[in-house]
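Have a look at the structure below before the remarks.
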Amino acid sequence: MAITPVPTAVVPTAAPTALPESLVPPAVAPVTPVSNADESALQPDERELQEAIALLNVNVRAWSTHLKFEIDDEAGRVVVKVIDSQSGDVVRQLPSEEAIEMSRSLGRLQDLAFRAQA
């Protein structure tokens, strides 16, 4: 049995390096655009939002214990806090406490305006 060499085009000078498995992002299904969709149908319900927040907190804990995700019920916003792991103090909060308070106040003002119209 004779072995014949296979012709090669270009021989790379260095072997390609593969990313470590931990750095390779998972495969993502393609997103199909939704046209003329009802806005409320695109919003997650309260249970889905709570599950997503819990999952974020679990995943962040794996590589950083400095982030905490919460939902401000009155303002209806997701709040991200950067926490000092030594002291437990909040180092940074997004959105800021002032912005959340402004959102709460605007919500109360809209509620009062709606009641005044009724």
Considering only the range 90-109, I want to know if a residue exists there that is at pLDDT 75 or above and either touching a Pro at 6+ places or on another chain (Cβ under 7 Å) or assigned to a loop (DSSP other than H, G, I, E, B) (or both). yes
Taking ARG61, is it modelled with pLDDT under 75 and surrounded by 12 or more Cβ atoms within 10 Å (Cβ to Cβ)? yes
Residues of the range 83-105 being within 18 Å of the chain's Cα centre (by Cα) and surrounded by 14 or more Cβ atoms within 10 Å (Cβ to Cβ), in sequence order, are ILE83, GLN93, PRO95
Kindly list the number of the only condition in (1) surrounded by 13 or more Cβ atoms within 10 Å (Cβ to Cβ); (2) farther than 24 Å from GLN43 by Cβ; (3) modelled with pLDDT of 85 or more that fails for HIS66. (3)
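The values are calculated or read from the model by the stated rules, or taken from the named source; none is laboratory data. What you are looking at is a predicted structure, and each value in this text was computed from that prediction instead of being measured. Neighbour counts are summed over all protein chains in view; Cβ atoms, including those assigned to glycine, are modelled from backbone coordinates with ideal geometry.
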